[in-house]
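Worksheet: the structure to be examined is printed underneath.
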Amino acid sequence: MLIPKDIQNAIQSLSQAIAKHTDPGDMDAALSYLVKVWLTTPHASDRKIATTSLDELYHSFKVFLPHRDSRKVCIFGSARTPSEDPDYQLAKAVSAELSRCGFFVITGAGDGIMAAGNEGPGPERSFGLNIDLPFEQEPNIFIKNSPKLVHYNYFFLRKLFFIKESDATILCPGGFGTHDEGFELLTLIQTGRCAPRPLVLMHEKNSSYWNSWVAFIKNELLERQLISPDDMDLFIITSDPHEATEHIRHFYGRYHSIFYRDNTAIIRLNSPLTSQQIHALTDSCGTDLTTDGVFTYSEQTDVASDPFPKKPVLRFLFNKKYGSLNKLIHAINNLS
């Protein structure tokens, strides 16, 4: 729709005023879309969605911005798990070990497994993303008064920040919500809508909780060819907090991150590669992920606006098999 001229002028004036304090970026476009919502949406409930979403985005960005350079791990599980339950103690132990190894922990801020995930590292090393529900849930006592607690009205924004701000995910036994988070993450990885990352399924040593889940995945999805064999490598199962932590640490050993330009995938590295190592990667992964069988290495990205321009990078023409990227990442990290 066309915005009236007087409103266009007001938008430009406001954008120019903001430019005196910070880079306005796409402020004109953002303000224009907000105006369009008001001009085309007469219902107060629709406008509330827009304003509440902006408010929640603002507070989320504000809380996470000082910690953007730190790796973070999401821990999900049932809010109904009592503190004496072995799965609670397992979640508490793995979250504490992750904290000792330099990771922050993100939970849904509720009781049960979420409380364990905040108790282990304490409020200084954990975040809580609480959802406001009619009858539940209050933030747990370990995160309730923390400045790293964010409240949400909308699940979709809460789920956005669970993915956007994390580098790995741990699923402990839980109900519909836990499986929702797990399947959404797997879907986003498989479709390339989020970067590859470790997914760890944890239950106490005498439990078969995730074994039953994996059996369903194999029998009903893999056997029917509804997923690819490589998709089974997107997660591991363990009852050992140390194994879970080391799996996540190892994932970000030599591998740093990935981004895409047109048909090219660009993997940032924490340390350089030799020509022999590049040949080894070509032999093991070239035909699985590239359209031409070639990996190209350079000492830095040379990509405009890259936040990590000095990282060495591995480039390849990507065949869009996102579910297979973990194989390459593990191969990179396992290079001697």
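Please tell me which of these pairs span more than 27 angstrom C-alpha to C-alpha: LYS20/LYS164; LYS164/LYS320; LYS62/LYS144? Before the final figure, lay out each step's value.
Working: LYS20/LYS164 30 Å; LYS164/LYS320 21 Å; LYS62/LYS144 18 Å.
Among LYS20/LYS164; LYS164/LYS320; LYS62/LYS144, the Cα-Cα distance tops 27 Å for LYS20/LYS164.
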*Pulled fully out, how much extra length does the chain show between ASN153 and ASN263, if you take 0.36 nm times their separation in residues and subtract their Cα-Cα distance?*
35.8 nm
*Which listed residue (CYS101, THR81, SER70) has the Cα farthest towards the positive end of the charge dipole for segment 61-108, taking +1 on Lys and Arg C-beta and -1 on Asp and Glu C-beta about the Cα centre?*
SER70
*Can you give the FRET efficiency for ALA10 and GLU184, using 1/(1 + (r/R0)^6), R0 = 41 Å, r = Cβ-Cβ distance, to the nearest 0.05?*
0.55
*asked:* Just to check, using Stokes-Einstein with a Kirkwood Rh over alpha carbon pairs, what's the diffusion coefficient of the chain at 37 °C and 0.692 mPa s in µm²/s?
replied: 148
*To the nearest 20 debye, what charge dipole does segment 67-251 have about its Cα centre, counting +1 at the Cβ of each Lys and Arg and -1 at the Cβ of each Asp and Glu?*
540
*Would you please give the residues with an amide H less than 5 Å from that of SER257, counting only those at least 5 places away or on a separate chain, with H modeled from the backbone geometry?*
ARG268
*Looking at the chain, which longest stretch skips every one of the trypsin sites (Lys or Arg not before Pro) that is in a DSSP loop with at most 13 other Cβ atoms within 10 Å, leaving the sites themselves out?*
81-192
*How high is the FRET efficiency between ASN211 and ASP132 when r is their beta carbon distance and R₀ equals 51 Å, given to the nearest 0.05?*
0.90
*Counting other beta carbons within 10 Å of each Cβ, put TRP38, TRP213 in order, fewest first.*
TRP38, TRP213
*Arranged by the count of other C-beta atoms within 10 angstrom, fewest first, what order do ASP288, ASP6 take?*
ASP6, ASP288
*How much length is gained if the chain between ASN219 and VAL37 is pulled fully straight, taking 0.36 nm per residue apart and subtracting their Cα-Cα distance, in nm to one decimal?*
60.8 nm
*Which of MET202, MET1, MET27, MET114 comes first, and how do the rest follow, when ranked by fewest Cβ neighbours within 10 Å?*
MET1, MET27, MET202, MET114
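Taking the Cβ-Cβ separation of THR51 and LEU226 as r and a Förster radius of 45 Å, what is the calculated FRET efficiency to the nearest 0.05?
Calculated value: 0.65.
None of the figures in this text is laboratory data; all of them are computed from the coordinates on show. All values derive from a computational prediction rather than experimental measurement. Please note: Cβ atoms are built from the backbone with ideal geometry, for glycine as well, and neighbour counts cover all protein chains shown.
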